[in-house]
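Presented below is the structure to which this report refers.
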Amino acid sequence: MQERWAGRADYWREVIERQGDSGQSIAQFCGKEGVHSSSFFLWRRKLGLGPSPIPAKQGHGSEGGTFMKVTVTGEEIGAGSSFCVELPSGVRIHVENGFDEESFRRILAALERN
């Protein structure tokens, strides 16, 4: 049984490394590779290869919350820009110009609870 797990772990380590080198989003990469993004996230977490949450400092963020590393790709976000947020679960949120900041915060909070 351990040999079987070790073989899978080696396979997923290689898949996760290739995705990182590809420059593609996880969803794009998994679609092209024919693997489920949920399996990708599961193995990335099992192997300790995913982005690690950083504990919030007292007085910053929500009580007991965590901060996640954020990578900005493409052009810098400026006033009047739209952007896309991809959560660790693979959910993507496209935010258009002129979005309501409070509504966006509520949506993110609801997604974090689930």
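Every number here is computed from the coordinates shown, using simple stated rules; none is lab data. All values reported here derive from a predicted model rather than from experimental measurement. We place every Cβ from the backbone using ideal geometry, glycine too, and count neighbours over all the protein chains shown.
Dimensions of the range 1-50 from C-alpha coordinates, computed as largest minus smallest value along each principal axis and given longest first, are 32, 19, 15 Å. For SER25, the amide hydrogen comes within under 5 Å of no other amide hydrogen, counting only partners 5 or more places away or on other chains and with H modelled in the peptide plane. As a rough guide to protection, the peptides 31-44, 91-104 ranked by mean Cβ packing within 10 Å, highest first, stand as 31-44, 91-104.
Close amide H pairs (under 5 Å, H built 1.01 Å from N) link VAL95 with PHE83, CYS84, VAL85, residues at least 5 positions away or on another chain.
Each residue of the range 29-40 was assigned a 3J(HN,Hα) from its phi angle through the Karplus expression (A = 6.51, B = -1.76, C = 1.60, θ = phi - 60°), giving 4, 4, x, 6, 7, x, 10, 6, 4, 5, 5, 4 Hz with x at Gly and Pro.
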